[in-house]
1. Evaluate the distance, in nm, between pseudo-label points positioned 7 Å from the Cα of residue 170 and of residue 34 along their respective Cα→Cβ axes.
2. Any idea which of 430, 100, 161 is furthest toward the positive side of the dipole for the chain, if Lys and Arg beta-carbons carry +1 and Asp and Glu beta-carbons -1?
3. If you average the sequence gap of Cα pairs under 8 Å that are 6 or more apart and divide by the length of the chain, what percent do you get for the contact order?
4. Can you sort 422, 223, 364 from fewest to most other Cβ atoms within 10 Å of each residue's own Cβ?
5. 5 Å is the cut-off here: which amide hydrogens, built 1.01 Å from N in the peptide plane, fall below it relative to residue 356, excluding neighbours closer than 5 in sequence?
6. What value does segment 4-103 have for Rg/Rh, both radii from Cα atoms and Rh as Kirkwood defines it?
7. Could you pull out the trypsin sites (Lys or Arg not before Pro) across segment 383-454 that fall in loop regions by DSSP (anything but H, G, I, E, B) with no more than 14 other Cβ atoms inside 10 Å?
8. Per DSSP helix of 4 or more residues, -39500 (n - 2.57); summed, then divided by the residues of the chain. What does that give at 222 nm, rounded to the nearest 500?
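Each value in this text was obtained by applying a stated rule to the coordinates, not by laboratory testing. What you see is a predicted model, and the numbers here were worked out from it, not measured in a lab. As a convention, Cβ positions derive from the backbone with ideal geometry for all residues, glycine included, and neighbour counts pool all protein chains shown.
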Amino acid sequence: MIQKILIANRGEIALRIVRACRELGIKTLAVYSEADVQSLHVQLADEAICIGGPKSADSYLRADRIISAAEIADVDAIHPGYGFLSENAKFAEQCESCNIKFIGPKSKSIKMMGDKAVAKDTVRKAGVPIVPGSDGPIENETEAVKIARKIGYPVIIKAVAGGGGRGMRIAHNDISFAKEYHVARNEAEKAFGNGAVYIERYIEKPRHIEFQILADSHGKVLHLGERDCSVQRRHQKLIEESPSPFLSSDLRKKMGKAAVRAAEAAAYENAGTIEFLVDAKGNFYFIEMNTRIQVEHPVTEECTGIDLIKQQILVANGEKLSFDQGDIKFEKHAIECRINAEDPSRNFAPSPGTIGLYYAPGGHGVRVDSHAYSGYVIPSHYDSMIGKLICFGTTRKVALERIYRALSEYIIRGVKTTIPLHKAIMADPVFIEGKATTAYMEDFMSRTPPDLFS
Ligand code: ADP
């Protein structure tokens, strides 16, 4: 049995993992950078080791230091959270070879699904629809233009090693293609150290709908329903909800089955997510698999009542999932708003600094996952998410009313946050009617005066 876990992450997800471990009676070791000494996960974990300077490259991305900390503190397992080393196959392999359980899939599955071109090919062979596009990376511009014409404009140029919405460019004709192809390659090289790109048809105004997967090491693969993550800015999610207001029960069943087939094709183990784009007619296309826990996992937890972090730990421990597909009940509607320290009225400029007063909302159907507190200094070295507000109820209407109420109660002084923006969205008829696609944010920002969310 796993007795002690090293948490190779920071912020709210590190805290979330500490909490799950406490309930399971498992000891925790926090590793942290010099910028995170004051962080709640460091204060609440059983033990803590500083692994380096504030930059991620000097701390949270230093696999060697993390493994050394694991050996010094004699842990049995490492939970990587999301981001940082969570989808790094080499790190998972290092853990495996040091006899430390990596709480996630086998390194082989990470490698397979981490290369977006290989991932698409793998799921296509399992009969899951994919976005029409190039078979793999395209090295040569002349070749690339030919393929773009064949797919038909508009097309999207994407980094093979992509993530976090970076390295993606849209082209509407041969001329813009030539330009965007080079920009995408440069961006990908800078962001991922790998300039390889591939091309897909650009689906216009789709919905982003993803399925949560849970799989054990005994061959059982289940899905825990979908999350609609269509509200995005620059391909980055801002709001997630479940169930999707768009899916019919037939389409939900079809997509759920396809998601399970995709995970089976990757010989998947542990928690993961199959992401789809869905067009206005209900055609759905696989875009990628995330081989880790996701930011938006609480939405699924509140709908199903299943604790995903605990399940991840149990699966890593070799245990069988104790329930079947038919046992999973979807009885609630849940919505999550990502609370970022950013100024939406100034093009989402990061707003690090010291939080003055911090007061989180509460009451029936409200969950706040956050590492922030009064006096907490938000470091400028990491992403700007300082918390997640998740509200749930028996219907979408109840969840919407509740999250508007909770946003109105949420006080974070001293820094700018996305709270006023979320409030404005929760009062917007297009969102309330469940009509948001991935084009929603651009439209919303263009028709809403900035002083409404400053
Ligand atoms: P990342 O790994 O960087 O998050 P994804 O492949 O998951 O990239 O795509 C992120 C978002 O980009 C999607 O949710 C969608 O909004 C947009 N996107 C990606 N591929 C397409 C496509 N073929 N057509 C239209 N939009 C797309």
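1. So the two model labels end up 4.3 nm from each other.
2. 430
3. 14 percent
4. Values: 422 27, 223 23, 364 9.
Ascending number of Cβ neighbours within 10 Å: 364, 223, 422.
5. Sorted by chain and number, the residues that satisfy this are 375, 413, 414, 415.
6. Ratio value, two decimals: 0.92.
7. Working: sites: 388, 396, 397, 402, 405, 413, 416, 423, 435, 447; in loops: 413, 416, 435.
Those satisfying the criteria are 413, 435.
8. Result for the chain: -10000 deg cm²/dmol, rounded to the nearest 500.
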